[in-house]
Structures are given as structure tokens and as C-alpha cells.
Amino acid sequence: MDTKKLIGEGYKLFASGDLKGLLDRYEDDAELIHPESDYLPVSGSYRGKQEIAAYFVTLNETLQCLALEPKTMVAEGDTVVVTGDSRWLARSTGISYDNPFVHVFKLRGDKVASQRAYFDTSKMEHALHPATTGQAAGKPLHH
């Protein structure tokens, strides 16, 4: 199995909006882990295909992906690490932003068992809540 090809095909499914095809790439008990934030509708951990599907639906309702460009993929055993660049548009404010990312995939056979994402949450926070960015809101930011 070519693990980099498998992950690359997943990015193409995401870009085309094929949620069913993308979810078919995940194990039934897969986990999707994003940085925590009290200010973002998509943050934290999602377990199982149903929660992961809900994550992708909320992501699409909140943001429009303008570009998602994997730049580097490194595979070692059952792990694939992807670095890349992304561009997003906050649907509620019309603010767009660029955000580099790192995704770490753990595979079980030919399916994703876990995906951990690393990116700058402050850029998404600013795009979604421009009037409150940088203000103390009584809750700590988690990056």
C-alpha cells in the first residue's frame, strides 16, 4: 500500500466535496484531533465516523476552503506527516486568511485510524470574530 498516495487521494476527496468518499477512508473508530479553542465551532477531538462527519459539515458551514495544498508528505511505517498551505473564507464575516498546516495521520491497514491537525487557531478566530480578537474574554485561548 502506498500510504502517501492514499492520503493524497483523501485531500482530493475533501477538495471535491466528496464527504462520503472521504469518510470511507476512515476507520469506524477513527479519531480527528484539532487544536482546542473556546472560540471556534470546530476544535477539539472527534471520535467515530458520525462525529467526524459532523465536524466536516460544521467546518463547511463555517468556512469555505479556497485552497488546501499539501506541500510535503513524509511516510514512516503507519504514519504520514503532511505539511501544506491553506486559504479559508469565514462565511459569516467574509474575511479570508492563509494558514499553513501540519497533519499527522496514523493508518490501520488502508484506512485512517487518527488524524491530528496543527495550525494557527488565532487566524481562524480573527476571521470569525474580528471585533473580539485580542480582547480578554474571561477564558484563556488554547493554541
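Here are some notes:
- L89 being of a type outside the set (S, T, N, Q) and closer than 17 Å to G10 by Cβ: no
- Cβ separations smaller than 7 Å between residues 6+ apart or across chains give the following pairs from region 14-29 residues that are at negative phi and in a loop (DSSP other than H, G, I, E, B) to residues that are surrounded by 15 or more Cβ atoms within 10 Å (Cβ to Cβ) and aliphatic (A, V, I, L, M): R25/V112.
- Cross-chain or 6+ apart pairs with Cβ under 6 Å, region 61-81 first and of a type in the set (S, T, N, Q), then in a strand (DSSP E or B): Q64/L89; T72/T83; T79/K106
- Only listed residue being farther than 20 Å from A127 by Cα and of a type in the set (G, A, S), chosen from A67, A53, A90: A53
- Taking the listed residues S92, S86, S37, the one that is in contact (Cβ under 8 Å) with a residue 12 or more places away in the chain, part of a loop (DSSP other than H, G, I, E, B) and within 18 Å of F119 (Cβ to Cβ) is S37, with no other qualifying.
- Look at (1) touching a Pro at 6+ places or on another chain (Cβ under 8 Å); (2) surrounded by 14 or more Cβ atoms within 10 Å (Cβ to Cβ) and you find that P70 fails only one, number (1).
- Annotation note: of T83, T93, T62, the sole residue that is modelled with pLDDT of 95 or more, within 28 Å of D2 (Cβ to Cβ), surrounded by 13 or more Cβ atoms within 10 Å (Cβ to Cβ) and not small (G, A, S) is T83.
To keep it simple, each residue is scored yes or no on (1) surrounded by 15 or more Cβ atoms within 10 Å (Cβ to Cβ); (2) in contact with a helix residue (DSSP H, G or I) (Cβ under 7 Å, 6 or more places away or on another chain); (3) modelled with pLDDT of 95 or more.
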{"residue": "F105", "(1), (2), (3)": "yes, yes, yes"}
{"residue": "K123", "(1), (2), (3)": "yes, no, no"}
{"residue": "H126", "(1), (2), (3)": "yes, no, no"}
{"residue": "P130", "(1), (2), (3)": "no, no, no"}
{"residue": "A137", "(1), (2), (3)": "no, no, no"}
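- Among residues of region 43-73 being in a strand (DSSP E or B) and charged (D, E, K, R), the one that is farthest from H103 (Cα to Cα) is R47.
- Condition check for A75: over 14 Å from the mean Cα position of the chain (by Cα), more than 19 Å from T121 (Cβ to Cβ) and crowded, with 16+ Cβ neighbours inside 10 Å: yes
- Cross-chain or 6+ apart pairs with Cβ under 9 Å, region 43-54 first and among the basic types (K, R), then crowded, with 16+ Cβ neighbours inside 10 Å: R47/A30; R47/E31; R47/L32; K49/L23; K49/Y26; K49/E27; K49/A30
The values are calculated or read from the model by the stated rules, or taken from the named source; none is laboratory data. Computed from a prediction, not measured in an experiment: that's the story for all the values here. No Cβ is skipped: glycine too gets one built from the backbone with ideal geometry, and neighbour counts run over all protein chains shown.
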